[in-house]
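The values are calculated or read from the model by the stated rules, or taken from the named source; none is laboratory data. What you see is a predicted model, and the numbers here were worked out from it, not measured in a lab. Cβ: placed from backbone, ideal geometry, glycine included. Neighbour counts: every protein chain shown. Heads up: the accessible areas ignore ligands, DNA and RNA and are worked out on the full protein's heavy atoms, side chains in. Shrake-Rupley method; radii C 1.70, N 1.55, O 1.52, S 1.80 Å.
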Amino acid sequence: MTYDLTKFDLGDMLKCSLRLRETASGAPTLEVSAQRICRFLYDELVDSNSLRACALVRCYKTHAYASLDPDLQGFARDVLGPGTPRPTMKVLTLMATVGQSAGWNSRHLSKGHRAIPLPSPEIVEKAPMISQLIKELGLELSTVVQPTADIVKELAGKRHGVFHVEDALGSPYIPAQQEFVVRFGIKSVVGFGGMLATGDLFAVILFATVHVPSGAADRFKSLALDVKSAFSKFNDTTVFNQIRTPAGGVPQQRD
């Protein structure tokens, strides 16, 4: 069963929601669940001619810098530049990716978006796509960058929404216009997500090669709840496929 992304009516949303919950369930890690979600949306969202409607689908989640493995920490430090990252600094981390280019099918192969540091609201504001994504999901930049216990208690599980760029070409919110938007024919971008009970942000982003009207995009708000429900089942030890081990140990890979 496929769903026409150019329309994505109420019936499509209800059927897609049910199958998305089934797809995301039973995974051993959040990373596996995220990859299943991205693969499902990449395969099942089509245009009016039943051809694939997305060039790329990605899933992100924020993590504290100290909780990341050394490889991701190094990537985040390179992006951040001079200075020592705070252990509690939030890092928007690529959890899963599926797309038409070979390099878009493993988070480990991403050259520029594997781990995006969020050191302060002021710096995040300078990244138009990320700052607009956070705002359109119904969150303040400060809430995502430095979530306090009171804010997490108040907002976790209650804030979710949709980020929508109807016309990607020329949009200030979509970077890499020539090498990405033009080259791969990206017409619209839809993101959906929110805040988990841990205070972490999650988001699934669709880079569509079809025009997605606002009515169709808005229905993805319901799917944000499905993803939140799936991700809420994981704890700190079941986020990534690779199990972290003490120095000198041998990391293992979950299936």
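Tell me, what is a quarter of the convex hull surface for the C-alpha atoms of the stretch 44-87, in nm² with one decimal?
If I average the Cα hull's projected area over directions, I get 4.7 nm².
Compactness ratio of the stretch 98-141: Cα Rg over 2.2 N^0.38 Å, N = residue count?
It is 1.41.
Measuring with a 1.4 Å probe in the full set of protein chains, what accessible area per residue, in whole Å², belongs to the chain? Present the calculation step by step, with values, prior to reporting the outcome.
Working: 11840 Å² over 255 residues.
Per residue, the chain has an accessible area of 46 Å².
In degrees from 0 to 90, rounded to the nearest 10, what is the angle of the helix 70-80 Cα long axis to the longest principal axis of the chain?
Value to nearest ten degrees: 80.
Calculated from DSSP H runs of 4 or more alone, at -39500 (n - 2.57) each and per residue, what is the 222 nm mean residue ellipticity of the chain, nearest 500?
Values: 9 runs with 84 residues, N = 255.
After summing the helix terms and dividing by residue count, I get -9500 deg cm²/dmol.
How long are the semi-axes of the ellipsoid equivalent to the stretch 185-225, from square roots of 5 times the Cα gyration tensor eigenvalues, in whole Å, largest first?
Values: eigenvalues 104, 27, 5 Å².
Result for the stretch 185-225: semi-axes of 23, 12, 5 Å.
Could you work out which residue, out of V98, V79, V227, moves most in a Gaussian network model of the chain, that is, has the largest mean-square fluctuation with Cα springs under 10 Å?
V79
Taking the Cα atoms only, what angle lies between the long axis of helix 10-24 and the longest principal axis of the chain, rounded to 10 degrees?
40
Just A149, A53, A96 to compare: in a GNM of the chain, with alpha carbon springs under 10 Å, which one fluctuates most?
Ranking A149, A53, A96 by mean-square fluctuation puts A149 first.
Could you please state how large a percent of the accessible area of the chain is carbon and sulfur, counting protein chains only and using a 1.4 Å probe?
Roughly 53 percent of what the probe reaches on the chain is carbon or sulfur.
Which pairs in the list K7/K187; K90/K221; K15/K135; K15/K187; K61/K228; K126/K228 are over 19 Å apart, alpha-carbon to alpha-carbon?
Working: K7/K187 15 Å; K90/K221 24 Å; K15/K135 28 Å; K15/K187 25 Å; K61/K228 11 Å; K126/K228 27 Å.
In this structure, K90/K221; K15/K135; K15/K187; K126/K228 exceed 19 Å between Cα atoms.
Over what distance in Å are the Cα centres of the stretch 1-55 and the stretch 73-123 separated?
After rounding, the separation between the Cα centres reads 25 Å.
With a sphere of radius 15 Å drawn around the Cβ of I37, what net charge do the other residues whose Cβ falls strictly inside it have (Lys, Arg +1; Asp, Glu -1)?
On the way: positive: R19, R21, R36, R39, R58, K61, R107, K228, K233; negative: E22, E31, D43, E44, D226.
Counting the neighbours of I37, the net charge comes to +4.
Mind sorting out which of (1) 144; (2) 112; (3) 126 is the real volume of the Cα convex hull per residue in Å³ computed from the coordinates?
Computing volume of the Cα convex hull per residue in Å³ and matching it to (1) 144; (2) 112; (3) 126 gives (3).
Lys and Arg at +1, Asp and Glu at -1: add these up for the other residues within a Cβ distance under 11 Å of D47 and post the number. All intermediate terms of the calculation are to be shown ahead of the outcome.
Details: positive: K7, R52, K187; negative: D4.
That works out to +2.
So what's the stretch 9-107 giving for Cα Rg divided by 2.2 N^0.38 Å, two decimals? Working shown, then result.
Values: Rg = 16.6 Å, N = 99, 2.2 N^0.38 = 12.6 Å.
It is 1.32.
What trypsin sites (Lys or Arg not before Pro) in the stretch 94-183 are in a loop by DSSP, with at most 11 other Cβ atoms within 10 Å of the Cβ? All intermediate terms of the calculation are to be shown ahead of the outcome.
On the way: sites: R107, K111, R114, K126, K135, K153, K158, R159, R183; in loops: K111, R114, K126, K158, R159.
Of the trypsin sites (Lys or Arg not before Pro), the ones in loops of the stretch 94-183 whose Cβ has at most 11 other Cβ atoms within 10 Å are K111, K126, K158.
When Lys and Arg each count +1 and Asp and Glu each count -1, what net charge do the other residues less than 15 Å away from Y60, Cβ to Cβ, add up to? Intermediate results must be reported in sequence, preceding the final value.
On the way: positive: R58, K61, K90, R107, R114, K228; negative: E31, E136, D200.
Result for the neighbourhood of Y60: +3.
Hey, in the GNM for the chain with a 10 angstrom Cα cutoff, which one of K233, K221, K187 fluctuates hardest?
Result: K233 has the largest fluctuation of those listed.
How high is the relative contact order of the chain? Use alpha-carbon pairs under 8 Å, at least six apart in sequence, and give a whole percent. Could the numbers behind the result be given before it?
On the way: 492 pairs, mean separation 58.1, N = 255.
Here the relative contact order equals 23 percent.
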